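Heads up, the thing below is written out as structure tokens.
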Amino acid sequence: MSREPILSVEGLRVAIPSPRGIVEAVDGVSFGVASREVVGIVGESGCGKSMLAMSIMRLIPEPGRIVAGRVTLVGRDLLGLPEREMRKVRGSEIGMIFQDPSASLNPVMRIGRQIEETIEAHGGAVGSATRDRAIDMLRAVRIPEPAVRARDYPYQYSGGMRQRVVIAIGTANRPKLLIADEPTTALDVTVQAQIMDLLRAMNEETGTAIILITHNIALVSRFCARILVMYAGRIVESGPTADVFARPSHPYTAALLRAVPRVEARLREGLTAIEGRPPDLARKPSGCAYHPRCALRGDICVREAPPEIEVAAGRTARCWAAELGIVWKGSAPS
Amino acid sequence: MTTESNAILAARDLSVWFSARRPSVFAKRRWVRAVDGISLTVMAGETLGIVGESGCGKTTLGRTLVLLTRPTSGHVEFAGRELTALSSRTLRAARRRLQMIFQDPYASLDPRQAVEAIVGEPLRIVGIAAAKRRQRVAELLDLVGLGAETMRRLPREFSGGQRQRIGIARALAADPQLIICDEPLSALDVSVQAQIVNLLLRLQRELSLTYVFISHDLAVVRQIADRVAVMYLGTIVELAQTEQLFRAPRHPYSVALLSAVPTLATEGDTDPTPVLLSGDPPSPVNLPTGCRFHTRCWLREKLGNPAICAEQPPALAGDTMHQAACHFADETAAHAAPLLRPERAS
């Protein structure tokens, strides 16, 4: 993180009123993204990772709202911007890709036109220049015969092609940052490989920084230099991906590594399930939110939430044991 | 029809063709060959994995094995009875111990019934008393990671993943002999997936269950399957003992599929996942001639596009441990090695 930071999130909190109480979807999250950096956010469904992404874009669905914190993009405070200004930031300075490409595309508008609209909305080009740019974008995301296929509607594309179009729209204005929320979860693995290859090429060629939000730890390990592990609305561990997976400092990270099936080998001892379930964010456990599922919990874990502890340069963990320098068994080098 | 004495389920020359939408009423009727001439045998007590990408026909095959979909042609035999020869009424009794876990259980959950009634339904049918039923439902709910306290809630109060778990609990309550599991883990949290995998394995040991496990998740299949069938465009292109398939795939499509699954990177190896396949599979309406994979085959290209690939459909060939449907299966390993990361090539 020696490079110039482009995104900075400090003490962000998101609360969503619900019949069960206030859901603290994002509960005091701080992190930064350097220019050109590729950061992974992993966690299970309901851990708040998508809410975190939405709050950076200020797109939290009602009645949720940001109750505290700061989000800064290249020195500009995004939370204080008027909505009109924020709209310009979205799509031009920050691009977005979501899990379901169909939800991001207009079903009754030609593919090419949808890309043109994004370019026009942010003053990228005009007239036939816009059309050429749109076709260039389709070519860049490897749509065959882009000039012809630009005239198609979304239903004429496969799921993988639609997601590539969403990437084209998300990157049409060369954003500084691209937030990809489970961009390949709905796709087949061979298509996932193609999409990740494309995102990697865009990162290398245009320097767009990427936040990849996913539950797939193997994908993060291949794609992201740095990782943030989220649990119950908080970042519980962060650091260089390979280092975190080799020597996790949070028991949840270690447990995930043992619980997730790996394609490389059949585990003789079977998978080690994490007992229990992720907590209801409206009724979080006292102290450390992971304590009901933690093998090593002590009295303090039940009483008091652990602070973010710096376990090594560039590595943090929210665990009382981490303060004692305890390192968990990580992925065995193969 | 089966020679193996411990075969519990067998399919012979099974085909399921759907009528495709015609461009106009005057156009010739066209067929989607979802399953096209598949024969396979499932042994009692084993887990047969069926893998492939969306549209390969694996879900249709699963539904046809329990005759939820009637085959266009071919035969299905379960526990010594030919299901395809039975009328609808006799079929129901014959396949009672042949259950299925669905991809989307919400479609089959009565929105007005509480979880207790939904999961307890198969128990009620076999006449288990209310108190015992409630206890069993509570156990099942705990097993699938929902918790017994959810018993009185309605399906709509659950997230998509939780609804999937209700469907799994209900299928398990039916005390089946063989379960066709169609993507049962896809909607579950990663930490809960392992619980369900371990649950399925434990139930298999305790109740001598047989599974046909249909999944796009190769990592899960490697953990639980004894044998794996790889499907591409309605046919089985490779059928092998699990470890044989994952260590030394013989069909170039299997190589491409396996190589696309990211492995956990280590500090010494953070190379990106190789990309061996581009584009999408061809439409099952206009199937390529010869080998169905030849239009996307990296091996064919390496071998200088031999004519046979586009002319003659290869048959599934090999020994009982490992079969592949490729004219050049013997050459796959040598040509795959340089395309993959070192640990993959071994």
Which condition from (1) surrounded by fewer than 20 Cβ atoms within 10 Å (Cβ to Cβ); (2) at pLDDT 90 or above is the one that A:Thr241 breaks?
(1)
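Are any of the residues in region B:119-127 of a type in the set (A, V, I, L, M) and surrounded by fewer than 18 Cβ atoms within 10 Å (Cβ to Cβ)?
To start, the set of residues in region B:119-127 that are of a type in the set (A, V, I, L, M) comprises B:119, B:123, B:125-126.
Keeping just the survivors that are surrounded by fewer than 18 Cβ atoms within 10 Å (Cβ to Cβ) gives B:125-126.
So far as region B:119-127 goes, yes, one or more of its residues are of a type in the set (A, V, I, L, M) and surrounded by fewer than 18 Cβ atoms within 10 Å (Cβ to Cβ).
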Against the condition under 26 Å from B:Gly37 (Cβ atoms), in contact (Cβ under 8 Å) with a residue 60 or more places away in the chain and either crowded, with 21+ Cβ neighbours inside 10 Å or within 12 Å of chain A (Cβ to nearest Cβ) (or both), how does B:Ile236 come out, does it pass?
yes
Looking at this structure, is B:Asp319 touching a residue at least 24 places away in the same chain (Cβ under 8 Å) and among the acidic types (Asp, Glu)?
no
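Consider A:Arg226 carefully, then state whether it is within 14 Å of another protein chain (Cβ to nearest Cβ), within 22 Å of B:Thr273 (Cβ to Cβ), among the basic types (Lys, Arg) and crowded, with 21+ Cβ neighbours inside 10 Å. It would help to see each step written out before you state the result.
Working: within 14 Å of another protein chain (Cβ to nearest Cβ): yes; within 22 Å of B:Thr273 (Cβ to Cβ): yes; among the basic types (Lys, Arg): yes; crowded, with 21+ Cβ neighbours inside 10 Å: yes.
Yes.
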Answer yes or no: is there a residue in region A:26-34 that is of a type outside the set (D, E, K, R) and free of Cβ contacts under 8 Å to residues at least 60 places away in the same chain.
yes
Only one of these is within 29 Å of A:Leu73 (Cα to Cα) and modelled with pLDDT under 90: A:Thr185, A:Thr214, A:Thr208. Name it.
A:Thr185
Here is a list of conditions, (1) facing chain B (nearest Cβ under 10 Å); (2) touching a helix residue (DSSP H, G or I) at 6+ places or on another chain (Cβ under 7 Å); (3) surrounded by fewer than 24 Cβ atoms within 10 Å (Cβ to Cβ), and A:Ala193 meets all of them except one; can you say which number that is?
(3)
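Inside region A:68-120, can you point out the residues that are part of a helix (DSSP H, G or I) and basic (Lys, Arg)? Spell out how you get there, then give the answer.
Applying the first criterion (part of a helix (DSSP H, G or I)) to region A:68-120 yields A:83-92, A:101-104, A:111-120.
Listed by number, the residues that qualify are A:Arg84, A:Arg87, A:Lys88, A:Arg90, A:Arg113.
To keep it simple, each residue is scored yes or no on (1) closer than 20 Å to B:Pro184 by Cβ; (2) out of contact with any strand residue (DSSP E or B) (no Cβ under 7 Å at 6 or more places or on another chain).
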position	(1), (2)
B:Arg12	no, no
B:Arg22	no, no
B:Arg29	no, no
B:Gly37	no, no
B:Ala44	no, no
B:Thr47	yes, no
B:Ser54	yes, yes
B:His75	no, no
Is it the case that B:Ile180 is away from chain A (no Cβ under 12 Å) and part of a strand (DSSP E or B)?
yes
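Out of everything in region B:252-297 that is among the charged types (D, E, K, R), in a loop (DSSP other than H, G, I, E, B) and more than 7 Å from chain A (Cβ to nearest Cβ), what residue ends up being surrounded by the most Cβ atoms within 10 Å (Cβ to Cβ)? Spell out how you get there, then give the answer.
Here is the first cut: in region B:252-297, the ones among the charged types (D, E, K, R) are B:267, B:269, B:271, B:280, B:292, B:296.
The next check asks that each one be in a loop (DSSP other than H, G, I, E, B); those that pass are B:267, B:271, B:280, B:292.
Remaining after also requiring more than 7 Å from chain A (Cβ to nearest Cβ): B:271, B:292.
On the way: B:Asp271: 12, B:Arg292: 24.
Looking at residues that are among the charged types (D, E, K, R), in a loop (DSSP other than H, G, I, E, B) and more than 7 Å from chain A (Cβ to nearest Cβ), I get B:Arg292.
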Can you go through A:Arg266, A:Arg258, A:Arg277 and tell me which one is within 12 Å of chain B (Cβ to nearest Cβ), touching a Ser or Thr at 6+ places or on another chain (Cβ under 9 Å), over 26 Å from A:Ser92 (Cβ atoms) and assigned to a helix (DSSP H, G or I)?
A:Arg258
Among residues belonging to region A:160-184 that are part of a helix (DSSP H, G or I) and within 16 Å of A:Glu205 (Cβ to Cβ), point out the one that is nearest to the other protein chains (Cβ to nearest Cβ).
A:Arg164
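Do you know which of the residues in region A:66-81 that are charged (D, E, K, R) and free of Cβ contacts under 8 Å to residues at least 24 places away in the same chain is farthest from A:Ser92 (Cα to Cα)?
Let us first name the residues in region A:66-81 that are charged (D, E, K, R), namely A:70, A:76-77.
Subsequent filtering for residues that are free of Cβ contacts under 8 Å to residues at least 24 places away in the same chain retains A:76-77.
Working: A:Arg76: 15, A:Asp77: 16 Å.
By that ranking, first place goes to A:Asp77.
The values are calculated or read from the model by the stated rules, or taken from the named source; none is laboratory data. Model, not experiment: these values are computed from the prediction. With ideal geometry, Cβ positions are generated from the backbone for all residues, glycine too; neighbour counts draw on all protein chains shown.
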